[in-house]
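Throughout, read-outs are computed from the coordinates displayed, never taken from laboratory work. Because the structure is a prediction, the values reported are computed rather than measured. Cβ coordinates were reconstructed from backbone atoms using ideal geometry, including for glycine residues, and neighbour counts include every protein chain displayed.
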């Protein structure tokens, strides 16, 4: 039989070895989790505020006749572009030409009478010195001359009025623009200042009208004392477009806020050289909300929440995780602007935040934040509000 002491020692050693193996199998892995980190992207940007609205013509004119009569010609094709002064409609001018001829005849008659009275007055002026003609006769003739001169002015005015009426039988475009469809066909009678024949709308430039909130108005009024925001750049995206291709500037802000809706009317002017934009089109407008400034930006997905505060998780030089409360700005080309709370040297966790805990050591993998190449999509304070 073996030595009992030796056997006990061997048994104890075996038990310790088995226990060690069991503990090694049960112990969790302590390998530090891998996360992706990057320094904030520093770039000069401009903030934009978003609005929706519709295009509206700068000028819209309803074409109505200045004289009554029968329509004898239409001189345009529906929808065509016209210039100021282009002939659109022709009203039968013959009745007005007859009135003009009559007015000219009356004018000639009055002129002849006046000329005769002036000759008599000149003769009487010579005879009155020799007392051949009395002063009373001379004064009566002089009064007749004055009356004839007055009738002459009235006759001249009648001729001008008749000439205007003849001219009004040709209905011309008062502005450059695009003419709508004709609402009256040839042969129909039209009434002066009543019948709408068609409509002409200006094409280039074109207005874009939108509504801003009271808070927006106060913000711009503080930035521009007196509310003068004329000239502020704008850009517009149409339905179905992904970029803000249409450029212009703010040219008017209304003088009062609507008490019912709490909004104020704004208007921008947009170049429209090819006439593609038409009144009534819906669009998304961005109004420049800041001067260019240097901003720090990170992916929006990197922003987390701790105790109700928006934070960014950062990795220190010892690879330990921490977090920094931040103030968020707007989205800009897919990246979130960070107003305050971090520096350009911070290593921000942009992937793997769910694996990182404050005070925990991680294995950081460094990368670089890049911005989308499509710079037409801008930022807005509304994005900021949604993210805060």
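Things worth noting here:
- If both residues of a DSSP beta bridge must be in the chain, then about 95% of such bridges are antiparallel.
- Rounded FRET efficiency, nearest 0.05, which uses the C-beta distance separating residue 199 from residue 306 and R0 of 51 Å: 0.25
- Between residue 164 and residue 145, the modelled label-to-label distance comes to 3.2 nm, taking each label 7 Å out from Cα in the direction of the beta carbon.
- With helices as the sole contributors, the chain gives -9500 deg cm²/dmol at 222 nm; each DSSP H run of n ≥ 4 counts as -39500 (n - 2.57), and the sum is divided by every residue.
- Rounded tilt (10° steps) of 94-127 against the dominant C-alpha axis of the chain: 50 degrees
- Counting neighbouring Cβ atoms within 10 Å and putting the fewest first, the residues 244, 138 line up as 138, 244.
- Span from the segment 93-135 Cα centroid across to the segment 266-326 one, whole angstrom: 84 Å
- Cα shape, the chain, gyration tensor, a/c 1.5 rule: prolate
- Stretchable slack from residue 154 to residue 125, in nm (0.36 nm times residue separation minus alpha-carbon distance): 7.7 nm
- Residue among 329, 240, 167 with the largest mean-square fluctuation in a Gaussian network model of the chain, springs linking Cα atoms under 10 Å: 240
- Counted by neighbouring Cβ atoms within 10 Å, the residues 232, 60 run from fewest to most as 60, 232.
- Ordering of 194-202, 148-156 by packing [mean C-beta count within 10 Å, highest first]: 194-202, 148-156
- Counted by neighbouring Cβ atoms within 10 Å, the residues 190, 37 run from fewest to most as 190, 37.
- Contour minus Cα-Cα distance for residue 77 and residue 192 (0.36 nm per residue): 39.1 nm
- FRET efficiency for residue 261 and residue 281, using Cβ-Cβ distance with R0 set to 22 Å, rounded to 0.05: 0.45
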